[in-house]
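The values are calculated or read from the model by the stated rules, or taken from the named source; none is laboratory data. Owing to the predicted nature of the structure, the values given are computational and were not obtained by experimental measurement. Neighbour counts run over all protein chains shown; Cβ positions are idealised from the backbone, glycine included.
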Amino acid sequence: MSQFTISVIDIEGKQAINFANNSKNFVEVVFTIDGKEVKEGKTPDETTKGYGYPPKLEKPVKKKKDGTSLIFNPRGGEVVAYIFAGEGKYKNEDMDKPTFLRHKLVDKVSFKRTSDQPTEIIKIKY
């Protein structure tokens, strides 16, 4: 099994990016759709921040930072996941919760990159 998997899925009639971190490490992932990062729709650079994924977490990205749905070209295109290594942890107040509950609190993780160069880049067509 690969350390990371990415796919485009349908959730309630809308497309989303599904990512699974099958590794034992926290990672940060910057997603792009047709060259634009998904949080704000800008061209990504080394300062672009992504989503923190704790070990063994699979979770879809359904919306942009402003709450609107992700935009996919109806004719198809490319989704890219830029995966960054670093040091991550759950926030201290969540450490007493069981792992399955902590996974639901994925927005409550802290992550610091060790490099602004991705350790892995995964590209898929949609």
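Looking only at segment 9-20, decide whether some residue is crowded, with 19+ Cβ neighbours inside 10 Å, at pLDDT 90 or above and among the β-branched types (Val, Ile, Thr). Yes, segment 9-20 contains a residue that is crowded, with 19+ Cβ neighbours inside 10 Å, at pLDDT 90 or above and among the β-branched types (Val, Ile, Thr). Residues that are of a type in the set (Val, Ile, Thr) and outside any loop (DSSP other than H, G, I, E, B) within segment 7-40 comprise VAL8, ILE9, ILE11, ILE17, VAL27, VAL29, VAL30, THR32, ILE33, listed in sequence order. Note on segment 107-126: among residues that are out of contact with any Asp or Glu (no Cβ under 9 Å at 6 or more places or on another chain) and part of a strand (DSSP E or B), the one that is surrounded by the most Cβ atoms within 10 Å (Cβ to Cβ) is ILE122. Determine whether GLY67 is more than 17 Å from TYR126 (Cβ to Cβ) and in contact with a Ser or Thr (Cβ under 7 Å, 6 or more places away or on another chain). No: the conditions fail for GLY67. Looking for whichever is modelled with pLDDT of 65 or more and closer than 12 Å to PRO54 by Cβ here; the options are LYS89, LYS125. Which one fits? Going through LYS89, LYS125 in turn, just one is modelled with pLDDT of 65 or more and closer than 12 Å to PRO54 by Cβ: LYS89. Candidates in segment 50-81 are the residues that are surrounded by fewer than 14 Cβ atoms within 10 Å (Cβ to Cβ) and of a type in the set (Lys, Arg); of these, the one that is nearest to VAL109 (Cα to Cα) is LYS56.
Looking at segment 21-49, which of the residues that are charged (D, E, K, R) and in contact (Cβ under 8 Å) with a residue 24 or more places away in the chain is surrounded by the fewest Cβ atoms within 10 Å (Cβ to Cβ)? If you could, list the steps in order and put the result at the bottom.
First, pick out the residues of segment 21-49 that are charged (D, E, K, R): 24, 28, 34, 36-37, 39-40, 42, 45-46, 49.
After this cut, where a residue has to be in contact (Cβ under 8 Å) with a residue 24 or more places away in the chain as well, the list is 24, 28, 34, 39-40, 46.
Details: LYS24: 8, GLU28: 20, ASP34: 13, LYS39: 18, GLU40: 11, GLU46: 10.
Looking at the filtered set, the residue picked out is LYS24.
Scanning segment 8-35 for residues that are under 10 Å from the mean Cα position of the chain (by Cα) and farther than 22 Å from SER115 by Cβ gives ILE17, ASN18, ALA20.
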